Amino acid sequence: MPNKFPKHVVALERSVRRRSLNDVYAAQVDYLIQRATAAGRGDTWEVTKGKLKVTKGSGRSTVACTVTFQKVKGKAAVEENQWDTIQTFLMDTGKVTQFGSLPWEVRQVTTVPHGSKLGSKDNAVVKYEDLYPAKIEEKEFDYGDLIIASPEQAFKGLYGLDPQIYRIMQNLQLAQMDMSKRQHIVLYGPPGSGKSSVFDGVRSLVSEESVLRIDATATTAAGAVKELLERRKVIPPIVQIEEIEKRGDTDLDWLLGVTDQREEIRKMNFHVNNVRKVQFLAMCTVNDMDEFKKRCKGALQSRFADKVYFPHPSREIMGMILKREITDLGEHGSVEWIEPTLEFAYDFLGLSDPREVKAICLNGRGDLVTKKYQEAFFATTNPDDYPDCRFKENGKFRTEYLDNMPAL
Ligand SMILES: Nc1ncnc2c1ncn2[C@@H]1O[C@H](COP(=O)(O)OP(=O)(O)OP(=O)(O)O)[C@@H](O)[C@H]1O
Ligand SMILES: [Mg+2]
């Protein structure tokens with residue numbers, strides 16, 4: 001009978017000063033696997049070791065090996081916990097003294113759902129770039145120094161979002177004044193309204209290392225996030241979580257804990273109940289507010305008490321975004337594309353997502369002025385995909401637009 005368990009594909013890596021025989025490294029990987037699955041932990045798990053790959057660098061070489069873990073029988077309910085434990089042992093064993101200051105590191109864990117393939121969209125990828133203390137600057141974050149840059153610079157290139165940015169600054173300043181009074185914040189609004197761009201701005205405002213970013217692709221990252229927070233020497237003062245409403249409830253349990261007064265992350269490890277107190281400001285983005293309100297039986301949304309809405313840009317702001325894009329093109333770009341783009345994409349097609357408007361502008365270029373691009377667009381587009389276009393008749397675009405903009 002085929003099993004229903006996901007595969008966990010672990011990318012192991014170690015940098016070495018002098019190259020040994022591949023067999024030596026292979027034996028080390030075997031040792032990691034053996035420790036990870038010892039004491040009955042791996043009894044119902046199948047482990048496949050991939051080929052070793054050695055890459056020569058300047059001064060150092062990197063040894064890499066992929067190991068796949070998959071539970072093959074037993075109860076589905078315990079899979080996640082067992083995997084957590086196996087992964088923890090794997091990571092800890094990599095740091096044992098025999099590897100000295102050059103540990104075997106888990107660089108990435110890709111969870112491939114049952115029935116899917118490695119590399120498919122539904123894979124959950126967790127990267128561990130800064131998990132290993134040796135690579136982390138050993139200094140505590142100074143919450144007092146949270147804000148280091150002027151907002152003008154950090155949010156440059158974003159237009160019409162001044163009220164949103166103002167509210168985020170107020171929020172950050174409160175956290176800077178007194179971390180214990182911080183208010184978790186949610187940025188919500190339709191796709192392309194600038195939420196992620198503002199996240200980027202916040203990162204440049206407070207410096208990269210002050211922010212732990214959790215991306216949408218790492219959806220089932222609960223375990224990994226817990227790991228990160230437990231193992232990180234330094235807790236970043238800000239955690240950014242993208243598209244939080246798309247995560248499963250159990251995936252967000254850890255967040256409930258840290259965003260209430262207890263500020264704790266709990267985890268069962270080595271038969272001990274580990275508790276770590278953490279204090280950070282959580283910022284998240286949400287497309288679908290109704291969905292967010294349902295998450296964790298509504299508990300989560302009340303933890304994010306500060307809610308800032310991002311509407312789609314107006315026609316004028318869209319023009320400014322286009323101008324920015326065109327300027328980026330340098331001598332290849334022309335501001336003459338802007339008005340025809342707005343007329344076609346914004347007025348005619350009814351598009352308000354800057355990504356889509358941008359695509360039309362940059363692909364159409366000068367041919368938007370002559371309407372050659374629009375003509376080809378009509379021939380290659382299903383009008384049903386443009387529900388906000390008001391210039392349709394019997395399900396078809398009103399192509400007289402090619403001569404003149406039709407009256408409504
Ligand atoms: N007000 C704005 N000023 C300048 N650029 C903007 C603005 N709003 C959106 N953009 C541009 O539109 C693109 C999409 O923005 P962004 O990724 O920040 O949207 P988002 O709200 O995170 O969308 P999603 O919900 O799909 O993740 C980016 O290239 C961004 O620069
Ligand atoms: Mg986004």
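Before we move on, is ASP353 touching a residue at least 60 places away in the same chain (Cβ under 8 Å) and charged (D, E, K, R)?
Numbers: touching a residue at least 60 places away in the same chain (Cβ under 8 Å): yes; charged (D, E, K, R): yes.
Criteria met by ASP353.
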Whichever residue in the range 20-43 is among the polar types (S, T, N, Q) and touching a strand residue (DSSP E or B) at 6+ places or on another chain (Cβ under 7 Å) and, among such residues, is farthest from ASP84 (Cα to Cα): ASN22
Residue in the range 369-383 that is surrounded by 14 or more Cβ atoms within 10 Å (Cβ to Cβ) and either touching a His at 6+ places or on another chain (Cβ under 6 Å) or small (Gly, Ala, Ser) (or both) present: no
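Does the range 154-164 hold any residues that are within 16 Å of ligand 2 (Cβ to nearest atom) and surrounded by fewer than 20 Cβ atoms within 10 Å (Cβ to Cβ), and which are they?
Taking the range 154-164 and keeping what is within 16 Å of ligand 2 (Cβ to nearest atom), we get 155, 157-158, 161, 164.
The answer is GLY157, and nothing else.
Please state which one of LEU212, LEU174 is away from ligand 2 (no atom under 13 Å from the Cβ) and not in a helix (DSSP H, G or I). Full working, then the answer.
Numbers: LEU174 fails: not in a helix (DSSP H, G or I).
The match here is LEU212.
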Any helices (runs of 4 or more DSSP H) falling wholly within the range 354-406 and containing at least 1 residues that are touching a Pro at 6+ places or on another chain (Cβ under 7 Å): 354-364, 367-370
Subset tally (residues that are at pLDDT 70 or above and either assigned by TED's automatic domain parsing to the domain that holds VAL109 or within 16 Å of ligand 1 (Cβ to nearest atom) (or both)) for the range 203-261: 14
Residue within the range 31-53 that is surrounded by fewer than 13 Cβ atoms within 10 Å (Cβ to Cβ), β-branched (Val, Ile, Thr) and modelled with pLDDT under 90 present: no
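The values are calculated or read from the model by the stated rules, or taken from the named source; none is laboratory data. Since the model is a prediction, treat every value here as computed from it, not as a measurement. All Cβ positions, even for glycine, are placed from backbone atoms using ideal geometry, and neighbour counts span all protein chains on display.
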